[in-house]
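Every read-out reported here was derived from the displayed coordinates using simple, explicitly stated rules and does not represent laboratory data. Note that the structure is a prediction, hence the values are computed from the model and not measured. Neighbour counts are summed over all protein chains in view; Cβ atoms, including those assigned to glycine, are modelled from backbone coordinates with ideal geometry.
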C-alpha cells in the first residue's frame with residue numbers, strides 16, 4: 001500500500017472519529033488501524049463498538065445508487081450468498097439513531113484535545 005493510500009485511509013478514520021466526537025459520542029482511532037488485534041481491533045472504536053473505515057474514489061457507487069432508489073432510503077440491507085446481512089446507513093440516519101439511543105449520555109466524548117494526548 002502506498003504512503004498516499006495510508007494517509008487517505010488514516011485521514012478518513014480521523015474524520016469518522018471527529019464526526020462522532022462532534023455529536024458528543026465517545027470515539028477513538030485504533031493504533032495501527034487495528035493490526036494489534038484484541039481490544040485494539042478495527043480502525044476505530046465508537047461507543048465501545050469496533051468499526052472498519054473504507055474509502056474509495058468510486059468503489060461504493062452501487063451502494064449510493066441503491067440508497068437513492070425510490071426517492072431515497074434511510075437504510076440499505078445487503079448480503080452476498082452464504083454471508084450475513086450487512087446494514088448500510090447514511091450519516092444522517094446514523095446521527096438520528098445515536099440521538100434516539102442517547103449515546104452521547106451513555107458514551108460521552110472526550111474533547112478533541114484529550115484524544116491527542
* Arrange 80, 74 by Cβ neighbour counts within 10 Å, fewest through most, would you? => 80, 74
* Kirkwood hydrodynamic radius of the chain from all distinct Cα pairs, in Å? -> 15.8
* Asked: What relative contact order, as a whole-number percentage, does region 15-61 give when Cα pairs under 8 Å and 6 or more residues apart are counted?
  -> 27
* Asked: Using a basic spin-label model with each label point 7 Å from the Cα along Cα→Cβ, how many nm lie between residue 86 and residue 41?
  -> 1.7
* Specify the inter-centroid distance of region 37-61 and region 1-28, based on alpha-carbon positions, in whole Å. => 9
* To do: Give the relative contact order (percent, whole number) for the chain; include only Cα pairs under 8 Å separated by 6+ residues.
  => 25
* Structure fact -> Checked region 37-82 against the a/c 1.5 cut and the a/b vs b/c comparison, axes a ≥ b ≥ c from its Cα gyration tensor; verdict prolate
